[in-house]
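K.L.:
Please read through the structure below; I'll follow up with questions.
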Amino acid sequence: MQSTRSISQASDTETIQTDFMKDYYQLQRTLMLLSIVLTIIIFTCVWIFHSLLLALNYLLGALVGIVYLKILAKEVEKVGTSQQKLGKKGLILIAAMIIVASQWQKLYIVPVFLGFLTYKIAIIAYTIQNVMVPAQKSD
């Protein structure tokens, strides 16, 4: 009887973990898609209202931000299963981006950095959407 209960509890735990991972992967896809859409919209606006050079600077930062988001998502997925510290790869990526932008004559630091922050706009937009429009779960 006891072993039946522990098998049932283990099965319930696995189901809950599977549901959490499905939710996590859905969140990851949503944030990536939202970041890409925002990047395209902002890149187009900067190109139209300013210049192609400034828009390309923004695009470079936004693409680095999307790569950073992907790296961060992989690190978060491994939390609890490895001894690796979070954020080392991401910090190296950010530092390299800023160093390249400051050393290369055609790159401007501010548009590159603002482009990098596009993924944060996606996170804020996702959060506001979930607060304003609560998810409807089908039971």
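The values are calculated or read from the model by the stated rules, or taken from the named source; none is laboratory data. The structure presented is a predicted model; accordingly, all values stated were derived computationally and were not measured. Glycine also receives a Cβ, built like all others from the backbone with ideal geometry; neighbour counts cover every protein chain displayed.
K.L.:
Against the definition (over 23 Å from THR30 (Cα atoms), modelled with pLDDT under 90 and not in a loop (DSSP other than H, G, I, E, B)), how does ALA96 come out, yes or no?
P.N.:
Details: over 23 Å from THR30 (Cα atoms): yes; modelled with pLDDT under 90: yes; not in a loop (DSSP other than H, G, I, E, B): yes.
In short, yes.
K.L.:
For region 60-83, check the following and say yes or no: at least one residue is at pLDDT 90 or above, over 20 Å from the mean Cα position of the chain (by Cα), surrounded by fewer than 18 Cβ atoms within 10 Å (Cβ to Cβ) and outside any helix (DSSP H, G or I).
P.N.:
Checked region 60-83: no residue is at pLDDT 90 or above, over 20 Å from the mean Cα position of the chain (by Cα), surrounded by fewer than 18 Cβ atoms within 10 Å (Cβ to Cβ) and outside any helix (DSSP H, G or I).
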